[in-house]
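**Student:** Below you will find the structure I want to go over with you.
Bear in mind these aren't lab numbers, they're just calculated from the coordinates by the rules spelled out. What you are looking at is a predicted structure, and each value in this text was computed from that prediction instead of being measured. Please note: Cβ atoms are built from the backbone with ideal geometry, for glycine as well, and neighbour counts cover all protein chains shown.
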Amino acid sequence: MRVGYARPLMQSVGVDQKSQLISAPFASSLNRRRFVSVSAQPAEAQADLTPDTGGMLVSRQEMRFDFGGARFRLPSDKQRLAWIFDQFLYGEVTGIQCGHWLYHAPTLEAAGFFARQAVEELSHVRQFLRIYDLIGARPGPAHRIIRLMATGAMGSTYAEHVATEMAVGEGLVLMIFYALIDTIEDERVVKILESAARQEERHVAFGERQTQRLVQANPRLRDYLLGLNLTSLLAMDRLARYIGKRLGQDHEVLRQIPAFLRRLTAVLEIRLQRMGVLEGSLAEIGALRKVWLIAKSYLRHWSSRLLPRPKLLTQTYLDDPSLK
Ligand SMILES: [Fe+2]
Ligand SMILES: [Fe+2]
């Protein structure tokens, strides 16, 4: 069986599950009623329970880290913040990759989501440029690990994309958004980050829910997606050590990076468990098995690029769940 072959996997999802996949533009009257009831929730609940995705599997509260009142202060922290925003800016520009997944979307629901996501990611680019103006800095290049994680490791199948880039990748970015919201002193910058974070929550939720359903429909995806995501842990560890060296461990926020990294890892573990990708804990996976999982997953990642692509929506739209 071809792992990550998106179209047959989506077709194998049950009728009840299919109805849950329908997004706002293609929603049924049942979903529209759900939207009305969700809209009546308080603001915090709305952010974690978006009507068209079912909400994040890991809540905002679970993703938050207590920095104990430590702050980035301007103008003294301008260079440190500029370096952090250089990494974010690169990630936001990779929003153009949505174009690839819009073209290769397995359902009209997914296509609608990626079209909206592309607009949101590109608006985040403009919002980050506004932040540079506010802190009095100019954009610079991103670190090579960020470039590798954001573009070099771009998913080669739909399952890879929703699991590694949207759920796990954007989930990690979202935790850093929250960390900056909680530590930057300048309220104008925080306001911009808050509005972008709410949209990122939708991206993460979509990736989590889609991954969860794909794994339920095909449990053989589990090890494949786990192996790919284990490399995120290695990359995070490497990046955290670099940040400590590059930005200074004496800083009141940055000296907490080792503890924050442990929290990132714990949340990643919870996310993988709730999506059904990880059974048990990461600690239970021995070093040799980790190496084996990573090697096997990357072999599939590279070889799947050589296989024929799933059919496009122009060939399959009449069978789309939203048209049933
Ligand atoms: Fe974004
Ligand atoms: Fe995003």
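**Student:** Can you give the FRET efficiency to the nearest 0.05 for Phe67 and Arg305, using r as the Cβ-Cβ distance and R₀ = 51 Å?
**Tutor:** E between Phe67 and Arg305, to the nearest 0.05, is 0.80.
**Student:** Order by neighbour count: Glu165, Glu187, Glu109, fewest other Cβ atoms within 10 Å first, most last.
**Tutor:** In order of increasing Cβ crowding within 10 Å: Glu187, Glu165, Glu109.
**Student:** May I ask you to list the residues of the range 230-262 whose amide nitrogen lies under 20 Å from a point 7 Å from Cα along the Cα→beta-carbon direction of Val291?
**Tutor:** 230-238
**Student:** Roughly how far apart, in whole Å, are the Cα centres of the range 220-234 and the range 124-166?
**Tutor:** If we compute the Cα centre of each part, the gap is 21 Å.
**Student:** If R0 is 22 Å, what FRET efficiency do you get for Leu312 and Val119 from their C-beta distance, rounded to 0.05?
**Tutor:** E(calc), rounded to 0.05, equals 0.55.
**Student:** For a Förster distance of 25 Å, can you work out the FRET efficiency between the beta-carbons of Ala283 and Thr151, rounded to the nearest 0.05?
**Tutor:** 0.20
**Student:** In square nanometres and to one decimal, what's the mean projected area of the convex hull around the Cα atoms of the range 173-271?
**Tutor:** 7.0 nm²
**Student:** Counting other C-beta atoms within 10 Å, which of Met236, Met166, Met175 has the fewest, and how do the rest follow?
**Tutor:** Ascending number of Cβ neighbours within 10 Å: Met236, Met175, Met166.
**Student:** Extending each Cα 7 Å along its Cβ direction at Gln79 and Arg255, get the distance between those two points in nm, one decimal.
**Tutor:** Once both label points are built, they end up 2.0 nm from each other.
**Student:** By count of other Cβ within 10 Å, fewest leading, how are Thr316, Thr183, Thr107 ordered?
**Tutor:** Thr316, Thr183, Thr107
**Student:** Two decimals is fine: what is log10 I(q)/I(0) at q = 0.11, 0.15 Å⁻¹ for the range 62-153, from a Debye sum with one equal scatterer on every Cα and no solvent?
**Tutor:** The Cα Debye sum returns log10 ratios of -0.43, -0.73.
**Student:** Kindly list the residues of the range 71-96 that lie in the label zone of Glu185, defined by a backbone N under 11 Å from the point 7 Å along the Cα-to-C-beta vector.
**Tutor:** Inside the label zone: 71-78.
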